[in-house]
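Engineer: This is the structure I have questions about; it appears just below.
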């Protein structure tokens with residue numbers, strides 16, 4: 001057998017050390033990514049007092065209510081916009097009726113948001129402004145007649161807002177027609 005030069009021995013040794021190191025690293029990284037090594041998912045206990053369930057309208061129900069609202073206004077030749085928001089004030093459905101004014105869609109959303117936030121028709125909330133005029137400064141609200149809350153077991157689950165009729169009373173009448181359609 002031929003004797004290796006010191007240079008060849010150093011190079012060969014380095015290659016062996018690199019190969020062993022790569023093998024060890026590969027084995028360690030493979031075991032770290034294996035499913036057995038991953039922590040188990042934390043399961044939430046649904047009976048936990050820290051969790052809360054809420055009720056929300058479906059898109060179909062919100063659409064039905066919005067269409068019933070538009071239909072009620074159309075019977076009286078009124079051009080309105082209607083919005084239905086969920087319990088959190090997020091818009092589910094917004095419909096701008098034929099010929100409704102350009103400001104009406106945004107006003108309808110704000111009235112719906114206001115109604116669900118206070119779980120009261122906006123015409124009643126207008127009266128509260130006499131005692132607390134700063135209420136009107138709350139962002140996203142509009143204290144004009146035309147908003148009606150939708151309730152389930154006495155709790156608000158949505159709001160319907162209407163804008164565009166000549167008066168808040170008419171707007172609110174149409175919003176209530178939308179709420180009533182959900183009971184059918």
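The values are calculated or read from the model by the stated rules, or taken from the named source; none is laboratory data. Since this is a predicted model, take the numbers as computed values, not measurements. Note: ideal-geometry Cβ built from the backbone for every residue, glycine included; neighbour counts use all protein chains shown.
Engineer: Check 130, 106 and return the single one that is assigned by TED's automatic domain parsing to the domain that holds residue 148, farther than 18 Å from residue 159 by Cβ and surrounded by fewer than 17 Cβ atoms within 10 Å (Cβ to Cβ). Working first, answer last.
Structural biologist: Details: 106 fails: farther than 18 Å from residue 159 by Cβ.
Result of the check over 130, 106: 130.
Engineer: Residue by residue through the stretch 74-102, note down the ones that are in a loop (DSSP other than H, G, I, E, B) and touching a strand residue (DSSP E or B) at 6+ places or on another chain (Cβ under 7 Å). Give the steps one after another, and end with the answer.
Structural biologist: First pass over the stretch 74-102, keeping only residues in a loop (DSSP other than H, G, I, E, B): 76-80, 87-90, 97-102.
Once the filter is applied, which keeps residues that are in a loop (DSSP other than H, G, I, E, B) and touching a strand residue (DSSP E or B) at 6+ places or on another chain (Cβ under 7 Å), the stretch 74-102 yields 80, 87, 97, 100.
Engineer: Among the residues of the stretch 150-184, write down those that are under 24 Å from the mean Cα position of the chain (by Cα), more than 17 Å from residue 119 (Cα to Cα) and touching a residue at least 24 places away in the same chain (Cβ under 8 Å).
Structural biologist: Hits for the stretch 150-184 are 163, 181.
Engineer: Moving on. Would a scan of the stretch 149-169 turn up a residue that is part of a helix (DSSP H, G or I) and either touching a helix residue (DSSP H, G or I) at 6+ places or on another chain (Cβ under 9 Å) or modelled with pLDDT of 95 or more (or both)?
Structural biologist: Looking through the stretch 149-169, at least one residue is part of a helix (DSSP H, G or I) and either touching a helix residue (DSSP H, G or I) at 6+ places or on another chain (Cβ under 9 Å) or modelled with pLDDT of 95 or more (or both).
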